[in-house]
Amino acid sequence: ISLVVLISGSGSNLRALLEACSSPEFPARVVAVGADNEADGLAHAEEYGIPYFLVDPRAFHSREEWGRELLAQITQWTPDLVVSAGFMRILPADVVARLTPRLINTHPALLPRYPGAHAVRDALADGATVTGATVHIIDEGVDTGPIIRQHAVDIDPADTEHTLHERIKTVERDMLVATVRDIATGQINLEELSA
Ligand code: GRF
């Protein structure tokens, strides 16, 4: 299956997907990468020779206009699956409606706990002893779509936001690759999950 991957930051999840997709037996290919800024992670797309597009919200007069352009840039690749991997923007409802349920996100917490942009910091601040990562279908809400897979990660009392997030990311990227593989092979049925 063909993937479009959306990023905003370092792209370690994207890199894990690019590495997996470069082996012939892996049943998915990244056909394009999209970003909302000049993300460091775009270097991974360059390294793997994958085309990328940039749709910066600051270049548009409204969220709706930005969303329309982002949707056009995504759909021109006719992807079978869109993967938000550290994409730090909320997609407008009409963009979600057009792409879901073949639109998944990875989130560094055990949803429904700690939704939003500061999940790792929130878990630490809450004094939680366990958190983790979640792959879910994106729906119209923020981190509220049907959960596909989750994996727990223990919090160490000495953890900082950075050390905890890095440990979550090691689990997260492996889970994301495995989830994409299972969607590609039909072991996971997104239409059923989102029905
Ligand atoms: C990931 O933990 C993702 O879940 C969160 O931000 C992080 C992005 O990391 N939204 P990267 O850009 O994939 O390295």
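The values are calculated or read from the model by the stated rules, or taken from the named source; none is laboratory data. None of these values were measured; they are calculated from a predicted model. Here the Cβ is made from the backbone with ideal geometry for all residues, glycine too, and neighbour counts use every protein chain on show. SASA here: full protein model, heavy atoms, side chains in, ligands and nucleic acids out. Shrake-Rupley method; radii C 1.70, N 1.55, O 1.52, S 1.80 Å.
Worth pointing out:
- Kirkwood radius for the range 91-157, taken over all pairs of different Cα atoms as the inverse mean of 1/r, rounds to 12.3 Å.
- A simple spin-label model places the labels of D56 and R113 3.8 nm from each other, with each point 7 Å out along Cα-to-Cβ.
- Per residue, in Å², the accessible surface of the range 56-185 once ligands and nucleic acids are set aside, probe 1.4 Å: 48
- Net length gained if the chain between N37 and S22 were fully extended (0.36 nm per residue, minus Cα distance): 2.9 nm
- Seen from V31, the other residues with C-beta closer than 14 Å to its C-beta sum to a net charge of +1, counting Lys and Arg as +1 and Asp and Glu as -1.
- Calculated Rg and Dmax of the chain using C-alpha coordinates, Å: 16.0, 47
- Modelled FRET efficiency - R0 30 Å, D94 with Q187, Cβ distances, 0.05 increments: 0.50
- In the chain, helical runs assigned H by DSSP with n ≥ 4 each contribute -39500 (n - 2.57); averaged across all residues and rounded to the nearest 500, the mean residue ellipticity at 222 nm is -11000 deg cm²/dmol.
- The relative contact order of the chain, computed from alpha carbon pairs under 8 Å that lie at least 6 residues apart in sequence, is 20 percent.
- Value of D in µm² per second that Stokes-Einstein yields for the range 110-195, Kirkwood Rh from Cα pairs, at 25 °C (0.890 mPa s): 180
- Gyration tensor (Cα) of the range 143-192, equivalent ellipsoid semi-axes in angstrom: 27, 12, 7
- Cα-Cα pairs of the range 1-115 separated by more than 19 Å (percent): 43
- Highest GNM mean-square fluctuation among A59, A28, A128, for the chain modelled with Cα contacts below 10 Å: A59.
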